[in-house]
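Read the structure below first, then the notes.
The values are calculated or read from the model by the stated rules, or taken from the named source; none is laboratory data. Everything numeric here is computed off the predicted structure, so don't read it as measured data. Don't worry about glycine lacking a Cβ; one is built from the backbone with ideal geometry, like all the others, and counts go over all protein chains shown.
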């Protein structure tokens, strides 16, 4: 049972982090960059590509990092569900 409690605590912390990142995407992106720099320094640059890729995926998932990314006013990520990509007259 102690393992289940640890997992439940971890899941709660992950959900809190997700909510924070959605509300504060700029700050979340900055924290992700700081963490990536720390890990890159600790590994002496051996895994720079993997660290950069993971940081980019985290920022994309949180809708942070790039202006114009994330959820649009219509509630769909990156503008999905809008009229973009439809053929004229359809």
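Just a few scattered comments:
- Filtering segment 1-35 to residues that are more than 17 Å from residue 55 (Cβ to Cβ) and not in a helix (DSSP H, G or I) leaves only 1.
- Near pairs, Cβ below 8 angstrom, 6+ apart or cross-chain, from segment 1-25 (surrounded by 10 or more Cβ atoms within 10 Å (Cβ to Cβ)) to any residue that is part of a helix (DSSP H, G or I) and at pLDDT below 85: 18/62; 21/62; 22/62; 25/62
- Members of segment 45-72 that are modelled with pLDDT of 90 or more and part of a loop (DSSP other than H, G, I, E, B): 45, 46, 47
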